[in-house]
Amino acid sequence: MTDLERWRLILGEPASRCTGGLQAEAARRDAALQWLYGRDPELAERGVRKGGSEDSVLQTVDWLDEVHTLFPRETIERLERDAVERYEITDVVTDPEVLQRIEPNPALLRAVLRTKHLMNPAVLAMARKIVEAVVRQLMEKLKTEVRTAFSGTRSRRPSIHRNSRNFDFRSTIRANLQRYQPEERRLSIEHAKFVSRTKRNLEQWQVVLLVDQSGSMTSSVIHSAVTAACLWGLPGLKTHLVAFDTNVVDLTSDVTDPVELLMKVQLGGGTDIARAVTYGAGLVDNPRRSIVAIISDFYEGGDDAQLVRTVKGLCEQGTHVLCLAALDEEANPDYDRVLGQRLANVGAHVGAMTPGELAEFVAEKLR
């Protein structure tokens, strides 16, 4: 593909007078991009692309077949993500033919959770496979982070236990320098060195995750469910998971099956954080060995004064209160900073943590 064709694909039909037309495969790529991005009202107003007048010609399932043929994997993932998140093309996750062709990814998982109430039982069963696949990927990634957090810190003391995670690179090089072969530029290692890890002194702690299930917090709900599943059953730790909007639902009994848990979550509705925190406070057994993590955007629809009072009471009795604005990989903070500051003023930790960072925080408290 020439540079002029690439610019024509980026800029759309108005650029044809400068770049020339498109032929064959490039024209098919343009039609696929037009089907999706031609419906963007902002671009239409600026004349960058024509409006989506040909939408009826190409069905979603046909469009997916085209993009999987015409574009590399990274571009396909971006196009699918924009289809479900930016333009809310719900048949991407409610049409059985489409679901059979699409590659499971986090964007589709979020779309499934938002639209599962529109699905008939057969489609819901297919959508559940997407949930299972993505949750499995997230679990594998987070399990590694949790194991690292709870395995103890590395010590300078040598160890006789040979474990790749405890391999001491610098000491191994020093111990085998005399075996360096200059002509081959190779170091023969006869004696590998390993370090030990400090043992964590685990006492019974309690973690209460309170998760806002309003529509804007979909990623946080997903990662909270996976985080809770990874924390569940760790020695010295008792985990609770509670979802809330204007109601409070204790999902702790489903923590071991994050797929089932996510399929039960009802996204949307208002937000009553104060009510949820009051419920969470009632779960605390030993205040000084408890962590209450509130995952929300903190745009309170309930009684904000009551919320501040309840958080203050938890902090004063020695409970660690975390007010987390995000719990996804990016941890981009988006929250009511005024209310966040009020909660920080009474002793809460306010900010953002990835699931791995939350696991590390919990592990440090369990020392």
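The values are calculated or read from the model by the stated rules, or taken from the named source; none is laboratory data. All values reported here derive from a predicted model rather than from experimental measurement. Reconstructed Cβ throughout: ideal geometry from the backbone, glycine too, with neighbour counts over all protein chains shown. Side chains are part of the model used for accessible areas, which takes the heavy atoms of the whole protein and leaves out ligands, DNA and RNA. Shrake-Rupley method; radii C 1.70, N 1.55, O 1.52, S 1.80 Å.
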Check on residue 132, modelled with pLDDT under 75 and either out of contact with any Phe, Trp or Tyr (no Cβ under 6 Å at 6 or more places or on another chain) or not in a loop (DSSP other than H, G, I, E, B) (or both): no
Unmet criterion (only one of (1) without any contact (Cβ under 8 Å) to a residue 40 or more places away in the chain; (2) open to solvent by less than 20 Å² (accessible area, probe 1.4 Å); (3) under 21 Å from residue 145 (Cα atoms)) for residue 274: (3)
Selected residue [modelled with pLDDT under 75 and either polar (S, T, N, Q) or assigned to a helix (DSSP H, G or I) (or both)] from 161, 117: 117
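Taking region 281-311 only, how many residues are at negative phi, part of a loop (DSSP other than H, G, I, E, B) and open to solvent by less than 30 Å² (accessible area, probe 1.4 Å)?
Within region 281-311, the first condition is being at negative phi, and the residues that meet it are 281-297, 299-311.
Then keep just the ones that are part of a loop (DSSP other than H, G, I, E, B); that gives 284-286, 296-297, 299-303.
When the remaining residues are screened for being open to solvent by less than 30 Å² (accessible area, probe 1.4 Å), the result is 284, 296-297.
Qualifying residue count for the region: 3.
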Close pairs (6 angstrom Cβ cut-off, 6 or more residues apart or separate chains): free of Cβ contacts under 8 Å to residues at least 60 places away in the same chain in region 340-353, of a type in the set (Phe, Trp, Tyr) and outside any helix (DSSP H, G or I) anywhere: 340/298
Failed criterion for residue 65 (all others in (1) modelled with pLDDT of 75 or more; (2) part of a helix (DSSP H, G or I); (3) open to solvent by 30 Å² or more (accessible area, probe 1.4 Å) hold): (1)
Per-region count, region 68-102, residues in contact (Cβ under 8 Å) with a residue 12 or more places away in the chain and not in a helix (DSSP H, G or I): 6
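Quick one: in region 225-260, which of the residues that are part of a loop (DSSP other than H, G, I, E, B) and within 20 Å of residue 296 (Cβ to Cβ) is most open to solvent (accessible area, probe 1.4 Å)? It would help to see each step written out before you state the result.
If we filter region 225-260 for residues that are part of a loop (DSSP other than H, G, I, E, B), which is where we start, we get 232-236, 245-247, 251, 255-257.
Next cut, within 20 Å of residue 296 (Cβ to Cβ) only: 245-247, 251, 255.
Values: 245: 20, 246: 66, 247: 85, 251: 14, 255: 0 Å².
Applying the filter and picking the extreme gives 247.
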Condition broken by residue 181, with the remaining ones in (1) modelled with pLDDT under 80; (2) loosely packed, with under 13 Cβ neighbours inside 10 Å satisfied: (1)
